[in-house]
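What follows is one structure encoded as structure tokens, with my remarks underneath.
Since every read-out is calculated from the coordinates, none of them should be taken as a lab result. Given the structure is predicted, the values throughout are model-derived calculations rather than measurements. Glycine gets a Cβ as well: all are built from the backbone with ideal geometry, and neighbour counts include every protein chain shown.
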């Protein structure tokens, strides 16, 4: 097990590693304080798709500060959803064997389990925070490795069932499953533009979001580099095909550890899905958003959602 981290309170550290043979970016606020006397707890963010950790910077920084900088807050990208700088050496992870189709949905799940085995001490207690498809990945992690020391798993805007049947899924499934190759050429051409022009185009695309978090612009530009966008679309195509029925068995077995948060205006997670799971698990901690946060909350509400999550976890850890 190899621990990686930074001692800085406010400035994050970024590591680029190979995990399961794939480029992986790890964004970290804080490190393990081995001699602090505190219980070893790490907050680990499992992102949505695209799995670019830079989108979660404000969310993570707020969460880190809310817990007094006592526990590390890390995010691990999806395999192949990052491009390391040319000047940065990649750390070869020889102990983590390559996974067949690591860029697919199953491979991404095994990728996260491999990361935990390699980089987080086994005795560490985990607070997992999933966003969108990251919630599906967390449920699969719980099922595949029941010995993980998970204190809580927070599911933000969880796409854990019937994705292709949602309003957004009905639009995106044909594009992702049958027409994604058509998008590769324009994405390649965009990647050839100068960085400043790419940033300007991204800002124009986000111009309708008045309270846009500017920290998401550069990660969006980075998504155009290399094979990141193609890998994200490939993963999305598998989500449409494989995220079908809700895994009630895993939810039932871990209900006391789970907190679900559904959007009231979420086209990937209709309110009906919230009503269905609430009916099936009436004693579960299952909440409906009262603030109108968008599915992609990191664009403009990362700080607000982080404060809310910190309150939930604090309440649960006290009981």
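Write down the percent of antiparallel bridges among all DSSP beta bridges whose residues are both part of the chain, to the nearest 5.
The antiparallel fraction comes to roughly 30 percent.
Rounded, prolate or oblate: which one fits segment 213-264, using the alpha carbon gyration tensor with axes a ≥ b ≥ c (rounded when a/c is under 1.5, else prolate when a/b beats b/c, else oblate)?
Verdict is oblate for segment 213-264.
Find how many whole Å separate the alpha carbon centroid of segment 120-134 from the alpha carbon centroid of segment 198-215.
Using only Cα atoms to place each centre, the spacing works out to 30 Å.
For all pairs of alpha-carbon atoms in segment 14-85, what percent lies in each bin of width 5 Å, listed from the first bin to the last filled one?
3, 18, 25, 22, 16, 11, 5, 1
Let me understand segment 252-319 better: what is its radius of gyration from the alpha carbons, and its Dmax, in angstrom?
Expressed in Å, the Cα Rg and Dmax of segment 252-319 come to 12.7, 34.
Arranged by the count of other C-beta atoms within 10 angstrom, fewest first, what order do 267, 295 take?
Working: 267 15, 295 19.
Starting with the residue having the fewest Cβ neighbours, the order is 267, 295.
Which number do you get for Rg(Cα) / (2.2 N^0.38 Å) in segment 135-248?
Output field value: 1.30.
Taking only the Cα atoms of the chain, how large is their convex hull per residue, in Å³?
On the way: hull volume 42.9 nm³, N = 319.
Considering the Cα atoms of the chain, their hull volume per residue is 135 Å³.
How many times 2.2 N^0.38 Å is the alpha carbon radius of gyration of segment 133-192? Write out the running numbers ahead of the final one.
Details: Rg = 16.6 Å, N = 60, 2.2 N^0.38 = 10.4 Å.
Ratio of Cα Rg to 2.2 N^0.38 Å: 1.60.
Taking each pair of distinct Cα atoms in segment 195-289 once, what is the resulting Kirkwood hydrodynamic radius in Å?
Evaluated over segment 195-289, this radius sits at 16.6 Å.
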